Amino acid sequence: MLKKFKLLNQFFHPEENKVDMSFSPFITTIGGLTLQVMQAGDENIPDLLVLERQVYSGHTPWSKFSFETELRKRKNSLYLVVYHASDLVAFIGARFNPREAHITNIAVSPKYQNKHIGTYLMQWMINRARKTNCEVVSLEVKIDNNIAQKLYSSLGFKSTFIRKDYYKDTHTDALNMVLWLKPHRVKKRKFTF
Ligand SMILES: CC(C)(COP(=O)(O)OP(=O)(O)OC[C@H]1O[C@@H](n2cnc3c(N)ncnc32)[C@H](O)[C@@H]1OP(=O)(O)O)[C@@H](O)C(=O)NCCC(=O)NCCS
């Protein structure tokens, strides 16, 4: 999950961003559940904060203000909410530039976990990145979040490097993971000891 939006703004330049961010709501069925998938807006923030508390032991890594700020950046980001009737089941967000899609957040409510909803949402975002001609999908994940890492690995994401002390609140390192959508050259790094 992305820690700070400011950091990303250094890399995403809106004037260079020609990515089509249009989205039409749809209905899908996963594991027998009929789910509504919509673009997230301010009206979903109270539900999103409840979902965060459920999955992060009462914490809200993204505050109300963070959600408000992020959900309004519709020119280069896409935030989706998934509802089962009036229950918020899950959400996923990504920032796009012409080369890269960066998954900023994903969470599935505990009641609905382990039903392949997380996998579905990741696949949806990867397909969207493919359609917009991105070369790579990237994300950060807590070093000890084995369930999420397993999910990303199963979709073809590879671990690249560790960001030390990335999550300052818990002093946890983040693992950077990438999924290449196009052939790429691996840059050889020079190490000096
Ligand atoms: C990570 C997360 C989004 C996965 O969503 P999900 O809908 O439960 O995932 P899926 O059902 O698609 O399962 C993906 C894999 O994880 C495994 N998994 C999911 N929940 C699990 C659990 N509670 N215990 C063990 N394994 C689990 C599944 O076995 C599955 O592997 P499989 O295909 O081999 O069976 C969800 O666990 C979550 O919201 N976690 C808290 C927030 C979080 O960590 N977000 C990631 C931030 S980077």
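Derivation of every value follows stated rules applied to the coordinates shown; laboratory data play no part. Fair warning: this is a prediction, and the values are worked out from it, not measured in the lab. No Cβ is skipped: glycine too gets one built from the backbone with ideal geometry, and neighbour counts run over all protein chains shown.
Miscellaneous remarks
- Highest mean first, the peptides 115-126, 146-157, 49-60 sorted by other C-beta atoms within 10 Å per residue fall in the order 115-126, 146-157, 49-60.
- Thr34/Ser57 FRET efficiency (R0 30 Å; Cβ-Cβ; nearest 0.05): 0.50
- A cut-off of 5 Å between modelled amide H atoms, ignoring neighbours fewer than 5 places along the same chain, links Ile30 with Leu35.
- Greater than 25 Å apart at Cα, pairs in Lys73/Lys131; Lys64/Lys131; Lys73/Lys164; Lys115/Lys142: Lys64/Lys131; Lys73/Lys164
- If the chain linking Ser159 and His184 were pulled fully straight, counting 0.36 nm for each residue of separation and taking away their Cα-Cα distance, it would gain 7.4 nm.
- Reduced Cα scattering model of the chain, Debye log10 I(q)/I(0), q = 0.09 Å⁻¹: -0.32
- Judged by the gyration tensor of its Cα atoms, with axes a ≥ b ≥ c, the range 98-156 is prolate; a/c meets the 1.5 cut and a/b is the larger of a/b and b/c.
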